[in-house]
Amino acid sequence: SRNYAERNPKRAQRERELLERVWPGKPNERVLDLPCGTGRLLPFLRDHGHQVAQGDGAFAMLSQANSRGMRGEMLFQANALQIPFGDACVDGVVMFRFLHHLPPEAAKSAIAEACRVASRFVVLSFFHPCSMHHLQRRTRQLLGTPATRFAMTLTTIKKIAKRHGFELQQSTAQLPFARDLWLASFTRSEIPPVRTSTKAEI
């Protein structure tokens with residue numbers, strides 16, 4: 001529904017401020033927003049002068065982004081664990097408010113895919129385990145509530161990114177050790193591999 005996209009403008013503003021702190025993108029760079037949801041990052045990406053490709057696994061989200069006029073240069077349905085793009089075919093990838101929905105192995109796969117298709121930078125948000133929010137969730141899980149949110153340390157994410165040729169540029173958190181949302185930007189530390197795939201490009 002439209003309410004999903006516009007339900008919390010104060011949170012959206014806080015999140016935009018966090019993105020500003022770590023954002024490494026340059027004007028005219030091609031950025032993949034995956035999963036894009038209802039297109040909430042599009043104004044931010046446009047303000048930074050990016051060409052934007054948006055992907056999401058949920059057709060309903062893509063439809064809502066389109067109907068709200070939150071559509072970039074490309075809008076497509078895709079699984080973030082198997083991005084239908086060639087190696088290093090966009091300048092940057094942003095995965096925002098996504099990794100915390102994935103169990104650890106799936107999150108590693110998503111980060112690897114982001115690094116594969118990005119030639120220069122990757123921006124990720126994640127839930128940090130050292131926070132009151134996470135402690136509350138873990139307590140509920142111990143009492144029998146199934147896990148629906150998963151946390152990773154910055155150290156773990158740095159190791160995964162490094163394995164795929166990316167180094168931490170900057171990290172930030174809304175309220176470290178109270179709230180669990182963290183953001184980190186990574187830039188490629190080595191020349192990207194020669195493109196071998198014929199998958200779609202922007």
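The values are calculated or read from the model by the stated rules, or taken from the named source; none is laboratory data. Values in this document were obtained by computation on a predicted structure and should not be read as measured data. Note: ideal-geometry Cβ built from the backbone for every residue, glycine included; neighbour counts use all protein chains shown. Heavy atoms of the whole protein, side chains included, go into the accessibility calculation; ligands, DNA and RNA do not. Shrake-Rupley method; radii C 1.70, N 1.55, O 1.52, S 1.80 Å.
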message: Suppose we filter ALA106, ALA110 for residues that are of a type in the set (A, V, I, L, M), open to solvent by less than 10 Å² (accessible area, probe 1.4 Å) and either in contact with a Lys or Arg (Cβ under 7 Å, 6 or more places away or on another chain) or at pLDDT 95 or above (or both); which single one remains?
response: ALA110
task: Could you run through the range 113-140 and say how many residues are at pLDDT 95 or above and in a helix (DSSP H, G or I)?
output: 5
- prompt: Does the range 163-180 contain at least one residue that is open to solvent by 40 Å² or more (accessible area, probe 1.4 Å), in a helix (DSSP H, G or I), closer than 14 Å to ARG116 by Cβ and modelled with pLDDT of 95 or more?
  reply: yes
query: Are any of the residues in the range 62-72 open to solvent by 30 Å² or more (accessible area, probe 1.4 Å), out of contact with any Asp or Glu (no Cβ under 6 Å at 6 or more places or on another chain), of a type in the set (Ser, Thr, Tyr) and at negative phi?
result: yes
task: Give the range 76-103 a look and list any residue that's surrounded by fewer than 19 Cβ atoms within 10 Å (Cβ to Cβ) and part of a strand (DSSP E or B), or say none.
output: PHE76, GLN77, ASN79, GLN82
Index of the failed condition, LEU143 passing every other in (1) modelled with pLDDT under 95; (2) within 26 Å of GLU17 (Cα to Cα): (2)
So ARG120, is it of a type in the set (Lys, Arg) and within 13 Å of VAL31 (Cβ to Cβ): yes
task: Quick one: which residue in PHE59, PHE98 is more than 19 Å from ARG188 (Cα to Cα) and touching a residue at least 60 places away in the same chain (Cβ under 8 Å)?
output: PHE98
- prompt: Quick one: what pairs do we get from the range 36-51, first residue farther than 16 Å from PHE121 by Cα, second hydroxyl-bearing (Ser, Thr, Tyr) and open to solvent by 10 Å² or more (accessible area, probe 1.4 Å), C-beta under 7 Å, 6+ apart or different chains?
  reply: THR38/TYR4
task: May I ask you to verify whether ARG14 is outside any helix (DSSP H, G or I), open to solvent by 40 Å² or more (accessible area, probe 1.4 Å), charged (D, E, K, R) and in contact (Cβ under 8 Å) with a residue 12 or more places away in the chain?
output: no
